[in-house]
Structures are given as C-alpha cells and as structure tokens.
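What follows is one structure encoded as structure tokens, with my remarks underneath.
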Amino acid sequence: MKKLLTLVLALGLVLSMVASASALTIAFSQIGQESDWRTANTDSVTAAIEGHEGWEFVYSDGQQKQENQIQALRNFITQGVDYILFTGVVTSGWDEVLTEVNEAEIPLILLDRIPDCADKIEYKAAFGGDFPLEGRRQVQWAGEYLKSLGRDTEDVNVVIMEGTTGADAQVGRTEGNLAALADYPFMKVVGQQTGNFTRAEGQALMESWLKSIDQIDVLIAQNDDMALGAIDAIKAAGKVPGEDIIIVGCDSVKAAFEAIVAGEMNCTVECNPLYGPFVVETIEALEAGETFDKTVVHPEEGVFDCVGGIEVEGTTSVKAADVIDERQY
Ligand code: GYE
C-alpha cells in the first residue's frame, strides 16, 4: 500500500513537472483596432496561442496610444509573463520600457512595426512587412498600369494618403512611394497627408482633397481601409472610383478584393497579417533552445489587381477576381 502511494505521488510529481514545463504565459501588446489588417493580425495571433496546449494568452489593446502600450508592457513585467509580443504604434520612444523588459529577462518578440531602438535592445526574433518595398510596389503598379493605358505622355496627378504619422508602416511606405516616383516623372504629387490608417479619416481626407485639388488622377493609399473610405468620398462627389481616379491600396484585405472585383478599386499591394503560425513556431523553437539573429523576417507578399500581369519589383500582379475565393482575411 505504502509502495503504491509513493508511486502515485511520484507519478503526480512527474505529471505536474511536464505540465509546468510546457505552460507558458504569452502577452501581446497590440496597437489597437484601426483596420481590417489589424483585426486579422489580432485574430491570427490570438487563435494560434490560445489553440496551443498549455499556453495562456494575455492581450492588451493600446487603442493607438503609446502611453497605453508602455503601461501594458510594465504590467506584463509585473505579472512575470514568459514571453512578450510587441508592435509599437509609432517607431520612437520605446527605449526605456523595452530596456525594462530586457532587465526583467522576459524574451521579447518584435512583430509588425519595428521600433527604431531595435538595434539597442535585446530581442529573440522579429517578423514584419517590408514597408519600403510595399510602398515602391504601389507606385510601380500605378506607373506601369498608366503606361499600359498609354497615359505616360501626359501629366498624371497623384495624391498620397499616408498612414499614422510616425508609424513604421507609414515611414517605410512613404519612403518607398517617393523613391519609386523618381522612375515615373509623368506622375506628379499634388497632395500628401495622413488618413491615419482608418476608413473614416480616409474618407474625410479624400473629401477635402476633392474640394481643394482640381484634378486627381491617382490615389495611393497606404492601406486598404483608407482607400475604401476614399471610394465613398469619390462616389459622393459624383466621380467614378477606379475609372476617374485610379486607386492603389495596401494590405490586400478581402474588402479591397471585393472593391477591385466591383471595378471601384484597381490594385492592392499585399501586407500579410497572419502572424499566428510564425509566433507559435518561433516560441516552440526558442523553448527548444534555438536562437535567431536580429534581422526582421518578412512574410511572402504579392500584388492583386484589376488586370493581372503588371510587373513590379520582385513579382507580377495577379488578377484579384481569380483568387478572391482563397482570401483568408
Ligand atoms: O498596413 C494597416 C494597419 O502596421 C502593417 O497597420 C501594419 C499596418 C497596416 O493599420 O492597415
């Protein structure tokens, strides 16, 4: 009897050790809920972690405020979580709090918008879009499409609707937009302002541009939500989106595919938000003792449009109508 009891106790101890070895608390400081991209990103990470046996997910929505995110990171430290996933609403101002994360020795994984202090802090892995490339592809698509229409002999007026000022995705895409414009001298920038990555602000900005700028031929919107908001403003002004104004978005969310198929939008450059599988694989590998270098891993991204076959840097566009059914977000 005594032997049996010892055996049962020993077995219990082993089982609890196994359970605690795989039990992890993973915290995510997310930016907010500004776009369809963000929703897909949050859903992907949440599902992947919550679906993993033994892993607990702690989520914090920063509601677009840096101070909320700083508070969330400090709370994660106090709670003693096992991993922190972080994307910052803007690029600068994270040095102090991320140093605190390092001092607490909580492994940090950078996602999406990478902070500008990345080279000064410790992190285990980083994963996010190649924003300058996405920005170049937006302009290259518009330039090549205009050429295919024979419109490279006239002046073409372009407006650039930027994302949240100071966000990595805005900084990188703007840099890419402007760099690529140098190759298309017939494209002239007549407006450049932020629409804050939201549908409502994209609509309001387009409304004001349509009132103040005589001729707008192309809209480069740094995300699809702003492009979709702008479409409403263009329609309200009695113009035909996708025809009177060529519209290029970014992200490749399902709603943009629908707008392209409906003829109201022309192109969307992909920025893949489905980070869940990457996060799980990375944490599993880190737990198994693997290490990664500090370069940012970029997801594979394409370009989807109204015609297909337009050559941009590193890829050829695919007609959105042909692949809309496979779209996951
Ligand atoms: O493109 C936009 C979102 O940081 C890549 O943020 C992300 C961007 C994305 O609001 O829709």
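Taking strands (runs of 3 or more DSSP E) as the structural unit, those lying wholly within the range 15-134 and holding at least 3 residues that are away from the ligand (no atom under 16 Å from the Cβ) correspond to 24-30, 55-61. So, Ile324, is that one over 19 Å from Arg38 (Cα atoms), out of contact with any His (no Cβ under 7 Å at 6 or more places or on another chain) and part of a strand (DSSP E or B) or not? For Ile324, the condition - over 19 Å from Arg38 (Cα atoms), out of contact with any His (no Cβ under 7 Å at 6 or more places or on another chain) and part of a strand (DSSP E or B) - is not met. Counting only residues that are more than 25 Å from His52 (Cα to Cα), in a helix (DSSP H, G or I) and not aliphatic (A, V, I, L, M), how many does the range 247-299 have? Final tally of qualifying residues: 3.
Kindly check whether there is at least one residue in the range 97-115 that is closer than 25 Å to Asp61 by Cα, among the polar types (S, T, N, Q) and outside the structural domain of Ala233 (by TED's automatic domain parsing). Walk me through it before giving the result.
If we filter the range 97-115 for residues that are closer than 25 Å to Asp61 by Cα, which is where we start, we get 97-115.
Those still in the list that are among the polar types (S, T, N, Q) too: 99, 102.
Subset that is outside the structural domain of Ala233 (by TED's automatic domain parsing): 99, 102.
Yes, because at least one residue in the range 97-115 is closer than 25 Å to Asp61 by Cα, among the polar types (S, T, N, Q) and outside the structural domain of Ala233 (by TED's automatic domain parsing).
Might you let me know whether the range 234-251 holds any residue that is crowded, with 18+ Cβ neighbours inside 10 Å, in contact (Cβ under 8 Å) with a residue 40 or more places away in the chain and among the acidic types (Asp, Glu)? Looking for residues that are crowded, with 18+ Cβ neighbours inside 10 Å, in contact (Cβ under 8 Å) with a residue 40 or more places away in the chain and among the acidic types (Asp, Glu), one finds at least one in the range 234-251, hence yes.
From the list Ile234, Ile216, the one residue that fits, being away from the ligand (no atom under 16 Å from the Cβ), in the same structural domain as Glu175 (by TED's automatic domain parsing) and part of a helix (DSSP H, G or I), is Ile234. Residue check: Glu175 meets all listed conditions (1) buried (at least 22 other Cβ atoms within 10 Å of the Cβ); (2) in contact with a Gly (Cβ under 9 Å, 6 or more places away or on another chain); (3) assigned to a helix (DSSP H, G or I) but one, namely (1). Within this structure, Gly191 fails the test of being away from the ligand (no atom under 16 Å from the Cβ) and on the phi > 0 side of the Ramachandran plot. Restrict the check to the range 138-152 and report whether at least one residue is among the β-branched types (Val, Ile, Thr), assigned to a helix (DSSP H, G or I), assigned by TED's automatic domain parsing to the domain that holds Glu313 and touching a helix residue (DSSP H, G or I) at 6+ places or on another chain (Cβ under 8 Å). The answer is yes; a qualifying residue exists. Among the residues of the range 95-107, those that are surrounded by fewer than 23 Cβ atoms within 10 Å (Cβ to Cβ) and of a type outside the set (Val, Ile, Thr) comprise Asp95, Glu96, Glu100, Asn102, Glu103, Ala104, Glu105, Pro107.
Arg137 fulfils the conditions (1) free of Cβ contacts under 8 Å to residues at least 40 places away in the same chain; (2) within 16 Å of the ligand (Cβ to nearest atom) except for a single criterion, (1).
Has the range 269-280 got any residue that is surrounded by fewer than 22 Cβ atoms within 10 Å (Cβ to Cβ), more than 15 Å from the ligand (Cβ to nearest atom) and on the phi > 0 side of the Ramachandran plot? No, because not a single residue in the range 269-280 is surrounded by fewer than 22 Cβ atoms within 10 Å (Cβ to Cβ), more than 15 Å from the ligand (Cβ to nearest atom) and on the phi > 0 side of the Ramachandran plot. Could you tell me whether the range 77-88 includes any residue that is at pLDDT 95 or above, among the β-branched types (Val, Ile, Thr) and under 16 Å from Gly276 (Cβ atoms)? Yes, the range 77-88 contains at least one residue that is at pLDDT 95 or above, among the β-branched types (Val, Ile, Thr) and under 16 Å from Gly276 (Cβ atoms).
The values are calculated or read from the model by the stated rules, or taken from the named source; none is laboratory data. Given the structure is predicted, the values throughout are model-derived calculations rather than measurements. As a convention, Cβ positions derive from the backbone with ideal geometry for all residues, glycine included, and neighbour counts pool all protein chains shown.
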